[in-house]
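The values are calculated or read from the model by the stated rules, or taken from the named source; none is laboratory data. Small disclaimer: the values here were computed from a predicted structure and weren't measured. Positions of Cβ are backbone-derived with ideal geometry, glycine not excepted, and every protein chain shown enters the neighbour counts. Note: accessible area is taken over every heavy atom of the protein model, side chains too, but ligands, DNA and RNA are not part of it. Shrake-Rupley method; radii C 1.70, N 1.55, O 1.52, S 1.80 Å.
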Amino acid sequence: NNEKSVPQLLIQDVKFEKPLAKLMFSPDQENHPSKAPVKYGELIVLGYNGSLPNGDRGRRKSRFALFKRPKANGVKPSTVHIACTPQAAKAISNKDQHSISYTLSRAQTVVVEYTHDSNTDMFQIGRSTECPIDFVVTDTVPGSQSNSDTQSVQSTISRFACRIICERNPPFTARIYAAGFDSSKNIFLGEKAAKWKTSDGQMDGLTTNGVLVMHPRNGFTEDSKPGVWREISVCGNVFSLRETRSAQQRGKMVENETNQLQDGSLIDLCGATLLWRTAEGLSRTPTVKHLEALRQEINAARPQCPVGFNTLAFPSMKRKDVVDEKQPWVYLNCGHVHGYHNWGNKEERDGKDRECPMCRSVGPYVPLWLGCEAGFYVDAGPPTHAFSPCGHVCSEKTTAYWSQIPLPHGTHTFHAACPFCAHQLAGEQGYIRLIFQGPLD
């Protein structure tokens with residue numbers, strides 16, 4: 001068990017034979033038909049490692065691409081009616097007319113009519129499966145393997161949570177707004193919702209649990225740093241956070257920030273968090289092919305279990321939930337990688353902690369899984385580090401980035417979590433460097 005006499009294999013040492021730069025192109029660049037539709041970007045739900053547990057179906061999936069629509073469907077505010085007038089009632093009841101109703105009291109409602117905007121496309125996100133919702137999002141249960149785990153939870157995600165408006169002309173700017181229009185093309189802010197009149201006489205408001213956004217500093221790159229969480233209003237203005245998610249009192253308006261999404265912006269809908277990747281950002285991101293090449297390179301280096309001397313191998317990306325007999329396992333306190341074995345399983349411990357045969361440090365012992373959702377990677381580096389306590393493996397800079405991000409949890413707390421499974425991170429850093437043993441021959 002003398003650690004020094006054993007050949008250690010850090011993944012940095014693996015000689016990558018293929019020029020991996022060639023595998024770095026996005027799927028869009030690999031098969032580029034001449035008239036490919038313009039892609040604005042993609043929304044990726046945190047907590048899913050490439051697909052939903054029961055598979056992606058229709059509008060319910062782990063990632064959603066926003067493409068330029070054949071015909072513009074964006075809207076912009078036009079006429080304001082003080083309610084109780086026939087025009088206001090008509091605007092609400094007209095199924096072809098988008099409108100937002102602000103109920104100030106039983107006696108007074110302000111209705112803002114919205115008119116067609118030929119320069120923008122609108123995409124709506126929420127829990128509802130009604131047809132105005134383009135991307136159906138349900139509550140993320142950390143580490144859940146099936147949707148049956150998620151259905152028993154009372155959802156905190158709004159049925160019509162938010163809308164994203166994309167400019168149809170370059171640079172295809174995307175902006176986010178709280179609340180989405182329902183099947184009657186209306187948004188209703190009831191008496192209890194926070195709402196107010198703006199300095200220029202317009203109305204604005206917040207939804208019950210709010211839509212929070214965080215833009216990273218330095219973009220979504222290996223130099224990224226977390227930004228500050230803000231709340232976005234129904235009209236797209238930016239505010240500091242309320243004391244709790246559904247507090248009546250709004251935060252302070254942040255004049256010098258906008259609702260424009262950047263590559264790497266995070267959108268929190270109180271129950272699920274979405275990552276926005278621009279089309280340009282995705283073109284610089286490793287592809288699934290690239291991650292598969294990295295997996296094959298690690299397996300080709302034939303890492304071994306220092307106890308059983310059997311060769312370890314990461315299972316294929318399709319088998320990302322079933323523990324394989326060759327699966328690498330790691331001691332989370334020290335990073336030594338083994339195959340599964342019963343060594344050091346002392347009965348007096350609670351069953352979770354094990355003693356590493358290499359260095360005798362005691363801690364959790366978990367299987368390692370490759371992070372398959374390429375959109376979460378900030379660089380194309382080799383998979384050298386694992387999140388703790390879940391064992392999802394990706395590049396060092398990717399683990400370092402996500403471990404610094406405070407993700408909203410519940411109505412007023414924040415904690416760092418693994419982007420691949422949404423488990424709250426543990427330990428000093430939230431991740432660990434992996435130490436593999438090379439083949440003895």
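Between Lys197, Lys35, Lys95, which gets the highest mean-square fluctuation from a Gaussian network model of the chain, Cα cutoff 10 Å?
Lys35
Do you know the Lys pair count in the range 288-433 for C-alpha distances under 26 Å, with sequence separation 8 or more or different chains?
The result is 10.
What order, most packed first, do the peptides 41-53, 215-227 have when packing is the mean number of other Cβ atoms within 10 Å of each residue? Before the final figure, lay out each step's value.
On the way: 41-53: 21.2, 215-227: 16.9.
Packing order, densest peptide first, comes out as 41-53, 215-227.
Output the pairs from Lys95/Lys192; Lys71/Lys185; Lys39/Lys225 with a Cα-Cα distance over 22 Å in this structure; if there are none, say none. Could you put the intermediate results ahead of the total?
Values: Lys95/Lys192 25 Å; Lys71/Lys185 18 Å; Lys39/Lys225 26 Å.
Pairs exceeding 22 Å: Lys95/Lys192; Lys39/Lys225.
Taking all protein chains in place and a 1.4 Å probe, what share, in percent, of the accessible surface of the range 288-433 do carbon and sulfur account for?
Numbers: 3010 of 6080 Å².
Accessible surface attributable to carbon and sulfur in the range 288-433 totals 50 percent.
The range 240-276: which trypsin sites (Lys or Arg not before Pro) are DSSP loop and have at most 12 other beta-carbon atoms within 10 angstrom? Could the numbers behind the result be given before it?
On the way: sites: Arg242, Arg245, Arg250, Lys252; in loops: Arg242, Arg245, Arg250, Lys252.
The qualifying sites are Lys252.
In Å, what Rg and Dmax follow from the Cα atoms of the chain?
Radius of gyration, then largest Cα-Cα span, for the chain: 24.6, 86 Å.
Multiply the residue separation of Glu325 and Ser184 by 0.36 nm, subtract the distance between their alpha-carbon atoms, and state the gained length in nm to one decimal.
Numbers: separation 141, 0.36 × 141 = 50.76 nm, distance 5.41 nm.
Here the segment from Glu325 to Ser184 would lengthen by 45.3 nm.
Where does the chain land at 222 nm, in deg cm²/dmol rounded to the nearest 500, when only DSSP H runs of n ≥ 4 count, each adding -39500 (n - 2.57), divided by all residues? Write out the running numbers ahead of the final one.
Numbers: 6 runs with 42 residues, N = 441.
Using -39500 (n - 2.57) per qualifying helix, the result is -2500 deg cm²/dmol.
Rounded to the nearest 20 Debye, what is the dipole magnitude of the range 288-433 about its Cα centre when Lys and Arg each give +1 and Asp and Glu each give -1 at the C-beta? Please report the intermediate quantities before stating the final value.
Details: 14 positive and 14 negative charges, 51 e Å.
That gives a dipole near 240 debye.
What size of dipole, in debye to the nearest 20, comes out for the chain about its Cα centre when the only charges are +1 on Lys and Arg C-beta atoms and -1 on Asp and Glu C-beta atoms? Before the final figure, lay out each step's value.
On the way: 50 positive and 44 negative charges, 196 e Å.
Here the size comes out at about 940 debye.
Could you tell me which of Leu312, Pro406, Ile82 has its Cα farthest along the dipole of the chain towards the positive end, charges placed at Cβ (Lys, Arg +1; Asp, Glu -1), taken about the Cα centre?
My answer, from the dipole projection, is Ile82.
Report the one residue of Pro357, Val322, Gln296 whose Cα lies farthest in the direction of the positive end of the charge dipole of the range 288-433 (charges on C-beta: Lys and Arg +1, Asp and Glu -1; origin at the Cα centre).
My answer, from the dipole projection, is Gln296.
Put a dot 7 Å past each Cα toward the Cβ at Thr221 and Ser118; how far apart are the dots in nm?
Spacing of the two 7 Å Cα→Cβ label points: 3.9 nm.
Relative to the Cα centre, what is the charge dipole magnitude of the range 208-254, using +1 at the beta carbon of each Lys and Arg, -1 at the beta carbon of each Asp and Glu, and rounding to the nearest 20 debye? List each step's numbers first, then the result.
Details: 7 positive and 4 negative charges, 40 e Å.
My answer is approximately 200 debye.
Accessible area per residue of the chain at 1.4 Å probe, in Å²?
Numbers: 20590 Å² over 441 residues.
Solvent-accessible surface per residue comes out at 47 Å².
Could you check how much of the accessible area of the range 52-181 is carbon and sulfur, as a whole percent, using a 1.4 Å probe?
Values: 3180 of 6340 Å².
Solvent-exposed carbon and sulfur of the range 52-181 make up 50 percent of the total.
Using 0.36 nm per residue, how much length does the chain from Ser361 to Asp200 gain when fully extended, once their Cα-Cα distance is taken away? Present the calculation step by step, with values, prior to reporting the outcome.
Details: separation 161, 0.36 × 161 = 57.96 nm, distance 6.39 nm.
Length gained, Ser361 through Asp200: 51.6 nm.
Would you be so kind as to identify which of Ile100, Thr285, Gly143 lies farthest towards the positive end of the dipole of the chain, taking Lys and Arg as +1 and Asp and Glu as -1 on Cβ and the Cα centre as origin?
Of Ile100, Thr285, Gly143, it is Ile100.
So for the range 288-433, averaging the separation of alpha carbon pairs under 8 Å that are six or more residues apart and normalising by length, what relative contact order in percent results? Numbers along the way, then the final one.
Numbers: 277 pairs, mean separation 25.3, N = 146.
Relative contact order of the range 288-433: 17 percent.
Across the Cα atoms of the range 288-433, what radius of gyration and what greatest pairwise Cα-Cα distance (Dmax) are found, in Å?
Cα radius of gyration and Dmax of the range 288-433 are 15.3, 49 Å respectively.
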